[in-house]
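Please read the structure below before turning to the comments.
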Amino acid sequence: MAIRLSTGGGGGGGGGGRGRGRGRGRSEPKEERKSGEVEHVVKIKRCAAVVKGGRRFSFAAMVVVGDAKGKVGWGYGKANEVPPSVEKATKQASREQISVPLEGDGTIPHSVQGRFGAAKVLLVPAGPGTGVIAGAAVRAVCEAAGIHNILTKSFGTNNPVTLVKATIDALSKLRTKETVERLRGVTLS
């Protein structure tokens, strides 16, 4: 598993150096795992602790894992090197997955809003051929869950860790028409 840690100052992914612009390139590509699950590294943070001999670095990784068929989860792992932190996050994400009800054309049943901390994420179902209209963090969750057509809008913070949690919160609130009919004891047209 090759993880590329961007140290350049370009500010966004695909620039590859100092001052090259914000580009649309993704710095951490999603990977297909052996069990058919999609793994996407959303964020890698580096933390420096100043000790007697200099600085000691540790890394924290945020990973989204899903089966692209309606299951998705997130994990957060910390370690002294990047690969073990990604591994820990992946393990946690695989353990804590939620089920997402999907419609036949790869979208969600209804509009929903999720919240975590200062992040609010609005998810709106879209027609076939629309694609995933979302930022990097929300896109990672939607693609891992197997959603192919969706419109999204995020409000508040743009912190990817918080946005992932808000998106998972929104997806956990989704209900199918049949579920609502059963809970209310009525028939919906």
- Task: Residue by residue through segment 59-102, note down the ones that are in a loop (DSSP other than H, G, I, E, B) and either open to solvent by less than 80 Å² (accessible area, probe 1.4 Å) or not acidic (D, E) (or both).
- Result: D67, A68, K69, G70, N80, V100, P101, L102
- Item | Filtered residues of segment 123-151 (kept if free of Cβ contacts under 8 Å to residues at least 40 places away in the same chain, farther than 19 Å from V38 by Cα and open to solvent by less than 60 Å² (accessible area, probe 1.4 Å)) | V124, P125, A126, G127, T130
- Could you tell me whether segment 45-58 includes any residue that is open to solvent by less than 30 Å² (accessible area, probe 1.4 Å) and closer than 22 Å to V141 by Cα? no
- Restricted to segment 173-189, and to residues that are open to solvent by 50 Å² or more (accessible area, probe 1.4 Å) and in a helix (DSSP H, G or I), which residue is farthest from W74 (Cα to Cα)? R184
- Task: Kindly indicate whether I168 is surrounded by 15 or more Cβ atoms within 10 Å (Cβ to Cβ), without any contact (Cβ under 8 Å) to a residue 60 or more places away in the chain, within 20 Å of V72 (Cα to Cα) and β-branched (V, I, T).
- Result: no
- Query: So which residues in segment 26-45 are at pLDDT 75 or above and either under 13 Å from G66 (Cβ atoms) or out of contact with any helix residue (DSSP H, G or I) (no Cβ under 9 Å at 6 or more places or on another chain) (or both)?
  - Reply: G36, E37, V38, E39, H40, V42
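The values are calculated or read from the model by the stated rules, or taken from the named source; none is laboratory data. Quick caveat: nothing in here was measured; it's all calculated off a predicted structure. Backbone-built Cβ (ideal geometry, glycine too); neighbour counts: all protein chains shown. All accessible areas refer to the heavy atoms of the entire protein, side chains included, with ligands and DNA or RNA removed. Shrake-Rupley method; radii C 1.70, N 1.55, O 1.52, S 1.80 Å.
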